[in-house]
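Read-outs throughout are calculated quantities, based only on the coordinates presented, and are distinct from any laboratory measurement. These numbers come from a predicted model, not from an experiment. Virtual Cβ from ideal backbone geometry, glycine too; neighbours counted across all protein chains shown.
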Amino acid sequence: MSEARDIDGLVDHLFRHRSGAIVSSLTRVFGPADLALAEDAVQDALEKALRQWPFRGVPANPGGWLFTVARNAALDRLRRRGTRRDGESSVVELMEARLARLPEHAPEHAPEHAYDCEIVDDQLAMIFTCCHPGIPADARIALTLKTVGGFGIREIAAGFLAGESTIAQRLTRAKRRIREAKIPFARVDPELLPERLPSVHDVLYLMFNEGYTAHDGDHLVRRDICAEALRLAELIADHPVTGTPEAHALCALFCFQAARFPTRQDDAGALLLLADQDRAAWDGSMISRGAVRLELAAAADRLTPFHIEAGIASCHAVAPSFEATDWRAILAYYDRLTALRDSPVVALNRAVAVAMCDGPAAGLAALDALGDCPQLAAYYLLPATRGEFNRRLGDHAAARRFLTQAIKLAHSDPARRFLKQRLDGLQSHGS
Amino acid sequence: MAQFLMLLHSEPSGEGTYTPEEIQAVVQKYQAWSEKMGAAGKLAGGNKLANDAGKVLRGADSVSVVDGPFAETKEVIGGYFILEASDYAEAAELSKSCPHLAFGGTVELRQIDGM
């Protein structure tokens with residue numbers, strides 16, 4: 001203890017990332033039906049580290065230490081289980097043999113980079129397994145975060161503004177489905193992947209979106225969830241089998257959006273619009289990363305919605321000020337997106353671009369063209385946008401009406417507060 | 001300079017499992033503390049205790065062995081550090097900054113008698 005030790009013994013999120021990597025590798029051995037065994041073994045290893053490292057110091061290869069201890073913990077649990085069920089001893093022996101073949105020590109690497117091909121492959125396979133279409137859609141994100149992501153139920157709940165028991169139930173149901181449907185551990189196989197990739201991309205997109213749009217809850221956890229979506233998207237984009245221009249586009253989109261994280265709320269937690277954000281505080285290196293990914297995404301034979309969304313995000317990212325934003329380019333992107341994916345939310349966002357190019361009356365006309373959308377009936381941004389266009393037109397009565405509607409529909413405190421502020425500002429104007 | 005035994009006890013954690021991120025935060029706090037102590041020349045050693053409550057032995061003729069000193073079996077963190085300090089007051093002051101206390105554990109501080 002008294003000998004000199006390296007000060008940076010633990011890289012950020014080492015436990016979280018290693019937990020994900022080891023759960024993935026152990027799941028390859030035990031199969032997804034026994035996901036709990038893999039998770040328990042990893043938890044055993046982490047708790048052992050918690051008891052030992054404060055006194056003995058962080059080992060020279062902390063990741064390798066965790067891997068070895070988890071592997072041994074899995075063997076212990078397996079053997080204990082084996083003695084209770086007689087007819088299955090041969091299964092236990094088979095598992096023990098497979099486990100014994102896992103490397104004794106994982107090589108020492110910085111967690112940010114891919115280590116062995118095998119470890120990356122296991123994580124990729126775990127993502128693909130979690131995104132199996134047989135698993136309930138609302139559970140895929142939570143399952144991915146819990147297994148590959150190394151997030152705890154508490155953290156997932158905080159990031160998604162859901163109750164812990166809700167998340168726990170989703171995970172339980174997902175694991176039951178995996179057992180019932182005998183969902184296998186995915187193979188990172190060029191033949192298998194094309195049908196699974198869209199689901200994986202969608203899950204990561206939704207994961208990022210959840211962490212990004214929530215304004216309540218633990219700020220750091222939400223940023224971590226976005227960081228995790230990006231990390232997994234990059235794993236996919238950088239792998240020879242799963243790397244496609246579309247995957248790069250997804251990474252680009254995440255990078256550009258994540259760059260604004262530092263400025264989206266002020267110190268008091270109030271929402272800050274694009275126009276009011278301090279662009280100097282945007283993460284420049286994240287924007288550069290996005291630009292690199294966008295470049296790689298351009299090597300595509302077809303334009304995907306992710307490409308277009310990344311393009312729109314890049315317009316904001318490169319604009320030196322809100323006033324200098326190239327809204328014509330953004331509108332052109334939205335037109336192309338509409339052609340590919342005509343959804344009410346896309347149309348709503350396009351209407352904002354229309355208003356920025358051609359004025360609030362044109363924006364209102366674009367919203368009117370939407371008609372009565374049941375999908376947007378509970379979406380607070382629709383009346384909020386109408387209210388804003390009316391405000392710019394000078395029709396304060398209409399603006400107040402729509403803002404009031406928006407406030408009722410808003411589901412986060414910062415959003416509500418922001419809209420109330422706007423409403424108060426209008427009321428003091430009279431008219 | 002004298003040596004002091006810091007015996008760290010903690011209650012078993014009843015609130016369920018820590019997440020990987022939470023475990024890392026705890027480990028990092030202990031690591032930072034012991035490194036600071038070590039760099040200042042105040043730490044002479046330390047180790048963890050084995051995972052059980054231990055036993056208490058009593059009696060001269062017939063020795064009884066009972067569970068103790070704590071009846072609870074699963075301490076989350078149990079171990080000791082050996083501090084180097086000029087006197088008990090300084091050792092106590094150093095102990096106060098140990099993250100163990102912030103996590104709800106107790107620290108028993110005893111001076112090791114010099115020879």
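Angle, helix A:117-130 long axis vs. longest principal axis of chain A, Cα atoms, 0 to 90°, nearest 10? Roughly 60 degrees, rounded to the nearest 10.
Per-residue Karplus couplings for the range A:278-283, computed as 6.51 cos²θ - 1.76 cosθ + 1.60 with θ equal to phi - 60°, are listed in order as 7, 5, 5, 8, 5, 7 Hz, Gly and Pro entered as x.
D for chain A, whole µm²/s, Stokes-Einstein with Kirkwood Rh over alpha-carbon pairs at 4 °C and 1.567 mPa s: what number? Translational D for this selection: 54 µm²/s. The amide H of residue B:44, built 1.01 Å from its N in the peptide plane, has B:82, B:83, B:84 as neighbours under 5 Å, considering only residues 5 or more places off or on other chains.
Our coupling estimate for the range A:245-261, obtained by passing each phi through the Karplus curve with A = 6.51, B = -1.76, C = 1.60 and θ = phi - 60°, is x, 4, 5, 5, 4, 4, 4, 4, 4, 4, 4, 5, 5, 5, 4, 8, 3 Hz, Gly and Pro reported as x.
For a quick check of your reading of the filter: which GluC sites (Glu not before Pro) in the range A:153-205 sit in a DSSP loop and have no more than 15 other Cβ atoms within 10 Å?
A:191
Taking other residues whose beta carbon is less than 14 angstrom from the beta carbon of residue B:40, and scoring Lys, Arg as +1 and Asp, Glu as -1, yields -2. Over chain A, Cα pairs under 8 Å with separation of 6+ residues give a relative contact order of 11 percent.
Comparing A:141, A:156, A:119 in a Gaussian network model of chain A, where Cα atoms under 10 Å apart are tied by springs, the biggest mean-square fluctuation is seen for A:119. Nearest 0.05, what FRET efficiency do residue B:58 and residue B:101 give at R0 = 41 Å with Cβ-Cβ as r? Computed FRET efficiency for residue B:58 and residue B:101 comes out at 0.85.
Straightening the chain between residue A:202 and residue A:404 buys 69.4 nm, computed as 0.36 nm per residue apart minus the Cα-Cα spacing. Of the trypsin sites (Lys or Arg not before Pro) found in the range A:195-303, those in coil by DSSP whose Cβ has at most 13 other Cβ atoms within 10 Å are A:302.
A cut-off of 5 Å between modelled amide H atoms, ignoring neighbours fewer than 5 places along the same chain, links residue A:300 with no other residue. Modelled spin-label separation between residue B:90 and residue A:341, with each label point placed 7 Å from Cα along the Cα-to-Cβ direction: 6.6 nm.
With a Förster radius of 60 Å applied to the C-beta separation of residue B:32 and residue A:180, the computed FRET efficiency comes to 0.80. In sequence order, the range A:393-398 has phi-based couplings of 6, x, 8, 5, 4, 5 Hz under the Karplus curve 6.51 cos²θ - 1.76 cosθ + 1.60, θ = phi - 60°, and Gly or Pro positions carry x.
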